[in-house]
1. Would you mind counting up the charge near Asp294? Only other residues with Cβ under 15 Å from its Cβ, with Lys and Arg at +1 and Asp and Glu at -1.
2. Kirkwood hydrodynamic radius (Cα pairs, Å) of the chain?
3. Using only alpha carbon pairs under 8 Å that are at least six residues apart, calculate the relative contact order of the chain and give it in whole percent.
4. State, to one decimal in nm, how far the label point of Ser312 lies from the label point of Ser360, with both points 7 Å from Cα in the Cβ direction.
5. Using only protein heavy atoms and a 1.4 Å probe, report how much of Val362 is accessible, in Å² to the nearest 10.
6. How do Glu174, Glu35 stack up against each other in accessible area, from largest to smallest, with a 1.4 angstrom probe?
7. Extension gain Phe378-Trp327, at 0.36 nm per residue separation less the Cα-Cα distance, in nm?
8. Among Ala322, Ala306, Ala280, whose mean-square fluctuation peaks in a Gaussian network model of the chain (Cα, cutoff 10 Å)?
Amino acid sequence: MFRKVTSFLILLAAASIVACLSVQAQQSTPGQYVEPALEYDGGWSMIVIPDPQAYTRYGRNHGIYDLMTAWVAESVEKLNIKEVVCVGDLVESNNLQYPDGKFANQTSKQMWEMTSRAFSRLDGVCQYIVTTGNHDYGPYIYPDGNHYGTRSSLNRETQFNDYFPIDRNPLWKESLVETFENAYGYKSLENAAYQIEGTDGQRVLLVVVEFAPREEALAWAKSVFERPENQDAFGILVTHSYLRPYTKDCQRDPKEGYGLNEAGGCAGEQIWEKLVYPTANIRMVLCGHHSTADNMDGCTGFRVDANAAGKSVSQLLCDMQAMGGGWEGNGGDGWLQILEFSKDMKKCKLRTFSPLFAISPVTREHAWYTAEKQNFEFDIE
C-alpha cells in the first residue's frame, strides 16, 4: 500500500531542487551530465544510503527520500545492484511523544511510516540492509517529560522491529543467513548476517550490528565471520557509528556519551579492537552517524588499515544529512554513494551521486560530486 508516489511528494522533491541549487552550485564543479553506469567490465554495485533521519523529520523532505529509493529500484539492472545498505538513523526520534513543536513537524509514528514506505519500493526488487542508529533507540516517554527529541539512545527500546520484521523483504529468503538476539532476547535484524554473490560467484558476507553494539553482539558477529564455511568470504561489517569524517582525520570514535555507550555499548575504536582487527576476513566497514552542515568533507570519510592477518580493511563513512541547508535543511540533497566492485573484486570505485539533482535538466550538471575525496578508486585485495 506504500508503493504509490503521490503528486504532492513529487512536487515537494521538485521544490527542494530549486531551493538547493544555489547552495549546491557552490559545492561541486558543474559539468556535462553522464547517466550512472557501470565502469568495470562485469562489475557490480552496492548503494550506500546515508542517515535518512532528516528526510523523515519534516514532511517537506519526504519526497526526496521517496525519490532516492525509487531511483535505486529503477537502477537495479543497469548498475547490477546486488545490495543496498542504509547506515542507520532511519528516523529522527523513536520517542512516541516527539516532536515538541520545535525540532520537527512529524510524529515518531509518521517518521517510521515514512522510512518504511521509502524502503517498500525495494521489497521484492533488490536486497537491502537497514541499520539501527542512535536516533532509532530511546524511551517512548522521557523520564523528565521534557526535551523530546533532544536525546536518544537512553535505552534500547525501538519501533524498528514493528516496521522491519525478518520476513518483510521476500528476497531475504535468499540472503539472510541468521539473526542474533537484541537486548531484550528477541532475534531481529538489529543484528543480522546476509550473503550475496559477486559477478564471478564470490561469496560476500555482510554482517550488521546494532548501534553501540553490546559485547554479546560483537562476539556473535565474530563467530559468524570465523565459521569454516565463511572463512573464504569477503566480509563487510555494517554499523551506524564507527568512523569520524575527513574533517576529524577519519579517526575511529574512541568513545561516545550516549546512554547506551555508558551502559557498555562499544564505540568505534572498541569495535575495531574487538571485532574488525582480529577477524581476518572482514575487509570493509560501512557506517554513518557523523555529518557537518554543508561540508561534504565533514559528511564522508575513508581510511585503510591492516588487520591482524595483514589484509587491508577499507573503512567508509557516509552521512550527508546536513547537506542542503544544514541541520534544518532538506535532509541531504539526495546524496548517496555508489560502490562499484570489479569483476574479480580486487578494485572498487566510490562515486557520490544525487538522484535529486539528476531528475531535472536544470540541475543535473550538479548530480555528481566530483571532489577527489568523494570520487576515487581503491584496491581491496
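1. Values: positive: none; negative: Asp297, Asp319, Glu328, Asp333.
Result for the local shell: -4.
2. Values: mean 1/r = 0.0487 Å⁻¹.
Hydrodynamic radius (Kirkwood, Cα only) of the chain equals 20.5 Å.
3. 18
4. The modelled label-to-label distance comes out at 4.0 nm.
5. Counting only protein heavy atoms, Val362 exposes about 100 Å² to solvent.
6. Glu174, Glu35
7. 15.2 nm
8. Ala306
The values are calculated or read from the model by the stated rules, or taken from the named source; none is laboratory data. Since we're looking at a predicted model, the values are computed, not measured. Cβ: placed from backbone, ideal geometry, glycine included. Neighbour counts: every protein chain shown. Please note that ligands, DNA and RNA were not included when accessible areas were found on the heavy atoms of the full protein model with its side chains. Shrake-Rupley method; radii C 1.70, N 1.55, O 1.52, S 1.80 Å.
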